[in-house]
Amino acid sequence: MKVLAINGSARKDGNTAAMLRMALAEIEAAGIETELVQLHGKDIRGCIACMKCWENKDGHCAVKKDMLNEIIDKMVAADGMILGSPTYFANVSSNIKSIIDRAGMVALANDAMLARKVGAAVVAVRRGGAIHVFNSINHFYFINQMVVPGSSYWNLGRGMEPGEVESDEEGVLTMKNLGKNMAWVMQKLNA
């Protein structure tokens, strides 16, 4: 089994990455392979509503000018995924939004190819707006018929400067519990 984590932050190895690593450590401790993809410095375009994915039905977006199809391939190969985003004006980062829109459309156009995979949201926040980010990512999972495990609180950590989330005790506990719960759900589904 494998979990793909995607860090949608513009900051490489910032708070979102730190939180993803906390959850991934618990997943790895359960014997599940993990991979972290960081989108820092990448330009993933938004959906252009060309609807070619519904015509082509090849499991890929017709727009080939960025790394989205590489990410889609990783999503399909994984048994679970975690999308991580900082909170930007009470919403997901632009790269995560592009993944949600384009990968979501491709998945729906190709017989719900992400169905029954396990998905979790991870959100870094300075102060407010994180619940909308959390919901936006979960809506991507729900419309794709994915299984979403819970944790001991909403999957968020507070911090502004890189590394600051590591001192958010509740956030750290939430990430650890998320990783444990995600591993448990994946093992039960795989049994």
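The values are calculated or read from the model by the stated rules, or taken from the named source; none is laboratory data. Every value quoted in this text rests on a predicted model; they were computed, and no experiment measured them. Cβ coordinates were reconstructed from backbone atoms using ideal geometry, including for glycine residues, and neighbour counts include every protein chain displayed. Just so you know, the surface numbers come from the protein's heavy atoms only, side chains and all, with ligands and any DNA or RNA stripped out. Shrake-Rupley method; radii C 1.70, N 1.55, O 1.52, S 1.80 Å.
Counting other Cβ atoms within 10 Å, keep those with at most 12, restrict to DSSP loop, and tell me which chymotrypsin sites (Phe, Trp or Tyr not before Pro) in segment 73-143 are left.
Here the sparse-neighbourhood loop sites are 89.
Per residue of the chain, what 222 nm ellipticity follows from adding -39500 (n - 2.57) for every DSSP H run with n ≥ 4, rounded to the nearest 500? If you can, show how the numbers build up before the last one.
Values: 6 runs with 82 residues, N = 191.
Rounded to the nearest 500, the figure is -14000 deg cm²/dmol.
Kindly write out, for segment 94-104 in residue order, the coupling ³J(HN,Hα) from the Karplus curve 6.51 cos²θ - 1.76 cosθ + 1.60 (θ = phi - 60°), rounded to whole Hz, with x marking Gly and Pro.
So the J values, rounded to whole Hz, are 5, 5, 5, 4, 5, 5, 4, 5, 7, 5, x.
Starting from the Kirkwood Rh over alpha-carbon pairs, what translational D in µm² s⁻¹ does the chain have by Stokes-Einstein at 37 °C and 0.692 mPa s? Can you show the working numbers first?
Values: Rh = 16.3 Å.
D = 201 µm²/s.
What percentage of the solvent-accessible surface of segment 37-100, computed with a 1.4 Å probe over protein heavy atoms, is contributed by carbon and sulfur atoms? It would help to have the intermediate numbers written out before the result.
Details: 1790 of 3260 Å².
Exposed carbon and sulfur together represent 55 percent of the surface.
Each residue of segment 165-172 in turn: what ³J(HN,Hα) in whole Hz from Karplus with 6.51, -1.76, 1.60 and θ = phi - 60°, glycine and Pro shown as x?
Whole-Hz 3J(HN,Hα) from phi for segment 165-172: 5, 5, 9, 7, 4, 5, x, 4.
Evaluate segment 1-40: find the radius of gyration of its Cα atoms, find its Kirkwood radius, and give the ratio Rg to Rh.
Details: Rg = 10.0 Å, Rh = 10.2 Å.
Here Rg/Rh amounts to 0.99.
Would you kindly derive the ³J(HN,Hα) couplings of segment 59-67 from the backbone phi angles with the Karplus curve 6.51 cos²θ - 1.76 cosθ + 1.60 (θ = phi - 60°), listing them in order in whole Hz, with x for Gly and Pro?
Computed from phi, the couplings for segment 59-67 are x, 9, 7, 5, 7, 10, 7, 9, 8 Hz.
Using the charge dipole of the chain (Lys, Arg: +1 at Cβ; Asp, Glu: -1 at Cβ; taken about the Cα centre), state which of 44, 30, 167 has its Cα farthest towards the positive end.
Toward the positive end, the furthest listed residue is 44.
Once the Cα atoms of helix 130-143 and of the chain are each reduced to a long axis, what angle between those two axes, in degrees from 0 to 90 to the nearest 10, is obtained?
The helix 130-143 is inclined about 40 degrees to the chain.
Taking a virtual spin label 7 Å from the Cα of residue 49 along the C-beta vector, which residues in segment 94-138 bring their backbone nitrogen under 16 Å of it?
Under cut-off, by backbone N: 98, 101-102, 105-106.
With only Lys, Arg, Asp and Glu charged, each at its Cβ (+1 for the first two, -1 for the last two), find how big the charge dipole of segment 91-191 is about the Cα centre; round to the nearest 20 debye.
Values: 10 positive and 8 negative charges, 63 e Å.
For segment 91-191, the charge dipole is close to 300 debye.
Identify all lysines with a Cα-Cα distance to residue 117 below 23 Å; exclude those on the same chain that are fewer than 8 residues away in sequence.
Within the straight-line limit of under 23 Å, residue 117 reaches these lysines: 2, 57, 74, 97, 176, 180, 188.
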